[in-house]
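Peer 1: Following this message is one structure expressed as structure tokens.
The values are calculated or read from the model by the stated rules, or taken from the named source; none is laboratory data. Since this is a predicted model, take the numbers as computed values, not measurements. FYI the Cβ positions are ideal-geometry reconstructions off the backbone, even for glycines, and counts take in every protein chain you see.
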Amino acid sequence: MKVALFIPCYIDQFYPKVGIATLQLLEKLGCEVVFPQNQTCCGQPMANSGYEHITGDCTKLFQDNFDDYDFVVSPSGSCTLHVKEHIPLKGKIYELIEFITDILKVESLEGEFKHKVGLHQSCHGQRGLKLSQMSELNAPFFSKPEQLLKNLKGLELVTLDRKDECCGFGGTFCVAEEAVSVRMGQDRLADHLKNGTEVLTGGDTSCLMHMEGIIRREKHSIKVMHIAEILNQAI
Amino acid sequence: MKTHSEAAEIFNKDFDRTTWHDETLYFVRQKRDKAAFQIKDWELLRETASSIKNNVLSNMHDYLLQFEENAIKNGIKIHWAADAKEHNEIVYGIISEYYKGEIPVDTFKGMVKSKSMLTEECHMNEFLAEKGIEVIDTDLGERIVQLAEEPPSHIVMPCIHWKKEEIGELFHKHLGTEKGNKDPQYLTEAARQHLRDKFLTRPIALTGVNFAVAETGEFVVCTNEGNADMGAHLADIHIASMGFEKIIPQKKHLGVFLRLLARSATGQPITTYSSHFKKPREGQQMHIVIVDNGRSTQLGREDFRNSLKCIRCAACFNTCPVYRRSGGHSYHNAVAGPIGSILAPNLDMRANADLPFASTLCGSCSNVCPVKIDIHQQLYKWRQVLVQEGYAPASKTLAMKGMSTVLSNPGIFKFSGKVGRMLMDKLPFLVNNNMNPWYKQREMPEPPEESFRDWYKKNRKK
């Protein structure tokens with residue numbers, strides 16, 4: 001299956017390892033992966049700040065890059081949600097995990113990752129794309145990321161006190177509301193520390209970047225890996 | 001007036017108190033979950049409530065007239081207020097007329113008032129105080145913040161930001177309780193005795209309205225303390241203030257809303273008192289003031305009209321990770337929290353332009369909302385409106401336009417990315433300084449040597 005990879009701007013520039021892991025993982029799962037060279041950003045940073053009306057050029061550039069493909073895959077719940085809601089495409093965009101579970105129909109993955117893993121649910125992935133059930137709803141449990149992680153040998157999923165509270169990144173919120181943003185991140189980390197997380201993972205590098213910034217400043221011992229990095233390393 | 005982020009920064013200076021505030025409210029969220037999940041058809045109940053309210057929004061005019069007609073038949077006097085000022089003047093007018101234009105200043109004791117966020121929205125207490133009429137808030141939490149000369153910080157739990165030790169101090173000062181006594185039962189008893197005297201001596205009682213039934217012309221007031229009943233039953237005049245969106249079509253619909261309201265608010269199956277008021281008792285006057293105050297405008301805004309479905313349960317407050325860590329006062333509006341942030345810009349865009357940005361758009365608010373208001377979507381949409389109406393700082397607009405230029409030109413993007421990473425690597429002080437809010441309490445990402453696209457070119461592109 002041929003897929004076009006959408007690597008969000010800040011992953012391209014600051015977290016190339018997440019992009020590499022995504023590409024290699026998809027290849028291992030039998031996909032032919034293409035990275036359209038002139039892609040930049042989905043426009044979400046502007047839109048969420050109230051400037052959706054100036055994202056026209058960004059939208060057009062995105063369409064020019066991806067309209068030739070039936071499947072666009074991205075290792076970011078947040079950017080994927082933005083594209084789904086705001087950029088009409090000829091094909092369809094999927095977040096990496098949902099692409100693996102829903103399109104490639106992977107029930108579970110065989111491999112090994114000997115760590116206590118704390119899963120951070122990004123709000124846009126969870127509540128926006130419905131990658132897993134939300135704690136507010138009276139509805140049956142499911143979790144696409146857990147489905148892929150749980151069979152890895154040696155991997156122990158940490159149970160958190162608050163399993164789906166926001167980390168406080170929130171795009172420009174992270175600087176506009178710096179105090180609350182940092183406090184939310186600190187509280188998420190305290191939950192992971194209390195419950196024994198060794199490796200903090202999630203489907204959104206933006207949340208992870210924010211929490212990693214706090215981890216490094218406060219010198220915690222938690223290691224941060226995108227879920228694509230764990231899966232790619234494990235299988 | 002401080003913006004939300006400025007006020008929130010001050011709030012967060014006390015780390016332990018912020019922890020306490022967050023945990024207290026999260027506990028209420030958990031109580032809500034527990035109560036809600038005991039109802040098998042909870043999600044269906046939310047859907048039903050939402051549909052009923054949608055029907056109300058689409059037929060507001062007819063239901064209001066039906067309600068008025070039936071209420072008048074029941075012997076209630078109906079008043080229509082276009083805005084806050086009219087509301088306050090009508091209330092004053094009712095009192096003044098009762099005393100034939102001459103309120104007996106020497107013997108007149110004023111008014112008792114049970115919970116009404118609408119009168120907070122209208123700043124009625126201040127208005128009446130200027131006219132020499134004292135208003136005593138009789139809800140315990142409201143009385144506490146009133147004694148402290150503060151507005152409520154939460155629409156259901158007005159003094160949730162106060163600790164019992166502090167309430168002990170406050171009561172010692174105002175009600176003469178023992179110094180240092182913080183026993184909740186002791187303090188509540190003191191408030192009870194203090195308020196009992198007010199109930200017995202005040203000739204006017206004002207209550208809010210939770211639901212107004214068009215079919216019957218009656219209204220329902222929900223309290224846990226019975227203070228609305230105590231006030232209304234003892235007073236010569238009962239005035240009920242309601243925003244016009246409180247209407248529901250039929251009495252049977254109460255079965256839907258009363259099941260949702262208290263479970264969503266505090267995790268109780270139902271409030272202790274759900275009191276139906278239908279007609280004045282012999283010798284009593286009963287008035288309802290139906291208030292617009294911007295609601296018609298909101299009803300006309302396609303993207304925001306369904307914010308008027310709100311039943312004021314505050315579930316969105318309790319689940320909001322930002323509210324829990326910034327407190328109600330940081331929202332500088334009678335209704336705080338996520339719902340306040342989508343209602344307030346309708347009242348005053350300039351004053352409240354910061355509120356829709358006081359959110360990460362996490363969406364938890366929309367998920368707990370018992371009437372399924374798409375709160376986080378409306379926060380996003382208000383941001384667009386506020387920017388386009390010119391309420392964004394010029395510096396932000398400039399930055400966003402610059403960002404847009406870079407991100408829509410692949411050449412500039414690649415070049416500036418490379419330069420940026422190089423500068424961060426060689427001259428880290430350019431970003432690692434106090435001008436950068438990210439860096440204040442967080443490290444910047446470590447700039448890698450090459451971008452993903454550079455790696456791809458080397459390793460994959462044929």
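Peer 1: Looking at region A:219-234, can you tell me whether even one residue there is hydroxyl-bearing (S, T, Y) and in contact with a helix residue (DSSP H, G or I) (Cβ under 7 Å, 6 or more places away or on another chain)?
Peer 2: Residues of region A:219-234 hydroxyl-bearing (S, T, Y): A:221.
Then keep just the ones that are in contact with a helix residue (DSSP H, G or I) (Cβ under 7 Å, 6 or more places away or on another chain); that gives none.
No.
Yes or no, residue by residue, for (1) at the interface with chain A (Cβ under 9 Å from one of its Cβ atoms); (2) surrounded by 17 or more Cβ atoms within 10 Å (Cβ to Cβ); (3) free of Cβ contacts under 8 Å to residues at least 40 places away in the same chain; (4) in a helix (DSSP H, G or I):
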| position | (1), (2), (3), (4) |
| --- | --- |
| B:D22 | yes, yes, no, yes |
| B:F27 | no, no, yes, yes |
| B:K40 | yes, no, yes, no |
| B:L45 | no, yes, no, yes |
| B:K53 | no, yes, no, yes |
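Yes or no, residue by residue, for (1) within 27 Å of B:T405 (Cα to Cα); (2) among the hydrophobic types (A, V, I, L, M, F, W, C):
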residue	(1), (2)
A:I11	yes, yes
A:A21	no, yes
A:C41	yes, yes
A:T55	yes, no
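Peer 1: Let me ask another. Tell me the helices (runs of 4 or more DSSP H) entirely within region A:1-86 that contain at least 1 residues that are more than 12 Å from every other protein chain (Cβ to nearest Cβ) and of a type outside the set (S, T, N, Q).
Peer 2: On the way: elements: A:9-14, A:16-28, A:56-66, A:77-86.
Of the helices (runs of 4 or more DSSP H) lying wholly inside region A:1-86, those with at least 1 residues that are more than 12 Å from every other protein chain (Cβ to nearest Cβ) and of a type outside the set (S, T, N, Q) span A:16-28, A:56-66, A:77-86.
Peer 1: Where in region A:135-235 are there helices (runs of 4 or more DSSP H), lying wholly inside it, with at least 2 residues that are free of Cβ contacts under 8 Å to residues at least 24 places away in the same chain?
Peer 2: Numbers: elements: A:144-149, A:173-176, A:178-194, A:205-218, A:227-234.
Ranges flagged: A:173-176, A:178-194, A:205-218.
Peer 1: Hey, which of the helices (runs of 4 or more DSSP H) in region B:397-459, taking only ones fully inside, have at least 3 residues that are modelled with pLDDT of 95 or more, more than 19 Å from A:I214 (Cα to Cα) and at the interface with chain A (Cβ under 7 Å from one of its Cβ atoms)?
Peer 2: On the way: elements: B:410-426, B:437-441, B:452-459.
It comes to B:452-459.
Peer 1: Restricting to region B:282-311, name every residue that is touching a residue at least 12 places away in the same chain (Cβ under 8 Å), surrounded by fewer than 19 Cβ atoms within 10 Å (Cβ to Cβ) and assigned to a loop (DSSP other than H, G, I, E, B).
Peer 2: B:G283, B:Q284, B:G294, B:R301, B:D303
Peer 1: Report whether or not A:E178 is farther than 12 Å from A:G118 by Cβ and touching an Asp or Glu at 6+ places or on another chain (Cβ under 9 Å).
Peer 2: Judged against the criteria, A:E178 is a match.
Peer 1: Identify all residues within region A:167-222 that are of a type in the set (A, V, I, L, M) and more than 7 Å from every other protein chain (Cβ to nearest Cβ); write none if there are none.
Peer 2: A:L189, A:A190, A:L193, A:V199, A:L200, A:L208, A:M211, A:I215, A:I222
Peer 1: Select, from B:A336, B:A353, B:A315, the only residue that is outside the structural domain of B:I155 (by TED's automatic domain parsing), under 30 Å from A:C166 (Cα atoms), buried (at least 23 other Cβ atoms within 10 Å of the Cβ) and in contact with a Leu (Cβ under 6 Å, 6 or more places away or on another chain).
Peer 2: Working: B:A336 fails: in contact with a Leu (Cβ under 6 Å, 6 or more places away or on another chain); B:A315 fails: in contact with a Leu (Cβ under 6 Å, 6 or more places away or on another chain).
None of the other options fit; the residue is B:A353.
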